1. Return the residues of region 157-199 that are among the β-branched types (Val, Ile, Thr), within 14 Å of the chain's Cα centre (by Cα) and modelled with pLDDT of 90 or more; say none if nothing qualifies.
2. List, please: which pairs have Cβ atoms under 7 Å, are six or more places apart or on different chains, and start with a residue in region 260-277 that is within 22 Å of residue 234 (Cβ to Cβ) and end with one that is assigned to a helix (DSSP H, G or I) and polar (S, T, N, Q)?
3. With respect to residue 229, determine if the residue is of a type in the set (Ser, Thr, Tyr), open to solvent by 40 Å² or more (accessible area, probe 1.4 Å), at pLDDT below 90 and outside any helix (DSSP H, G or I).
4. Inside region 96-124, can you point out the residues that are outside any helix (DSSP H, G or I) and either open to solvent by less than 10 Å² (accessible area, probe 1.4 Å) or aliphatic (A, V, I, L, M) (or both)?
5. So is residue 261 surrounded by fewer than 21 Cβ atoms within 10 Å (Cβ to Cβ), more than 22 Å from the chain's Cα centre (by Cα) and modelled with pLDDT of 90 or more or not?
Amino acid sequence: MKPYPFLTPGVTSHATPLLLPLIPEWDVQLFSSCLPPPLSFPSSPDNLWTSSYSHLQCPDQFPQELKKMGCFECCIKCLGGVPYASLVATILCFIGVALFCGCGHVALTGTLTMLENHFSRVSSDHATLTVVIQIFQYIIYGIGSFFFVYAIVLLAEGFYTTSAIKKELQSDFKTTVCGRCITAFFMFLTYILFLAFLAIFGFTAIPVFLFFNMWNTCATMKSPYANITSPDSICVDVRQYGVIPYNATPGKACGATLGEICNTSEFYLSYHLYIVALAGAGATVIALIHYLMILGANWAYLKSAASTHDYQDIKTKDDQDLEAEARSKEGQNSSSYS
């Protein structure tokens with residue numbers, strides 16, 4: 001592959017001025033030395049559009065670096081088409097959804113085990129809670145799968161829109177109404193998902209609050225500055241939160257029993273996993289906000305570029321009409337003089 005295809009001997013150049021900075025200064029001097037007078041290398045990008053290099057006399061004297069594009073130039077060209085904003089939002093979305101789904105699933109299992117062992121020893125008392133936790137776990141499976149696919153789709157849409165904007169600004173390429181409608185649809189869907197995950201974020205804060213109250217109560221019991229004379233009077237009753245029915249036995253834990261529950265691995269692991277799941281939900285909300293800003297900016301760019309092209313088309317047509325009218329008047333004047 002030739003390093004500068006727009007300098008092919010005998011072929012009129014139609015390269016864009018964006019390729020001119022890829023030619024180092026010593027390349028320009030080398031090409032100019034190969035051109036017999038009065039030809040010379042074009043001094044500006046505007047002259048590059050109509051320059052013909054059919055009189056090149058020393059193509060064999062070019063160094064090997066000019067016969068192929070280096071890896072650096074290829075990497076720069078490829079990296080120029082990467083939608084970095086969409087890429088950052090996708091990575092943040094993957095991390096947030098992974099933390100929320102993985103930690104939330106394990107935390108729900110640990111919560112159910114802790115309730116069965118310490119607060120509701122009769123399985124019929126927490127049968128409804130068991131079903132609800134299983135439903136939540138299935139919902140977590142669906143959320144993880146859906147957002148994995150949706151984030152990839154939005155990243156692909158970012159690649160498409162970035163490429164379309166560059167082509168539309170640098171050439172006669174025009175985006176279609178369907179493309180802009182797809183971007184608007186993704187923007188609307190992302191807004192709905194943002195509201196949904198904002199609600200999930202608030203819902204995830206509830207178990208964090210409950211476990212924090214329980215952990216704070218245990219820490220107060222262990223504190224030497226609390227001056228608690230009757231530890232057995234300090235209790236945590238999960239029935240008042242509506243987690244289990246009021247007739248569940250024992251339904252509450254007091255004193256030393258409460259301290260033992262706080263030292264179990266189920267409580268410690270579930271508490272911290274709920275915190276990480278809450279952080280993952282917050283990261284996902286931030287990622288969706290980033291997606292909204294990206295999609296809104298892309299849609300505005302596409303709409304502005306389309307309006308600019310429409311204006312240019314109308315202006316070009318008007319100029320052609322004026323030129324044709326002027327030519328017709330010149331023809332009439334010349335015929336009248338003859």
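1. Selection gives 190 alone.
2. 266/113; 270/111
3. Details: of a type in the set (Ser, Thr, Tyr): yes; open to solvent by 40 Å² or more (accessible area, probe 1.4 Å): yes; at pLDDT below 90: yes; outside any helix (DSSP H, G or I): yes.
So residue 229 fits the description; yes.
4. At the first step, the residues of region 96-124 found to be outside any helix (DSSP H, G or I) are 119-124.
119, 120, 122 - these are the residues of region 96-124 that are outside any helix (DSSP H, G or I) and either open to solvent by less than 10 Å² (accessible area, probe 1.4 Å) or aliphatic (A, V, I, L, M) (or both).
5. Taking the combined requirement at face value, the residue does not satisfy it.
The values are calculated or read from the model by the stated rules, or taken from the named source; none is laboratory data. The shown structure was predicted, so the numbers you read here are calculated from the model rather than taken from an experiment. With ideal geometry, Cβ positions are generated from the backbone for all residues, glycine too; neighbour counts draw on all protein chains shown. Remember, those area values only see protein heavy atoms, side chains included, never the ligands or the DNA or RNA. Shrake-Rupley method; radii C 1.70, N 1.55, O 1.52, S 1.80 Å.
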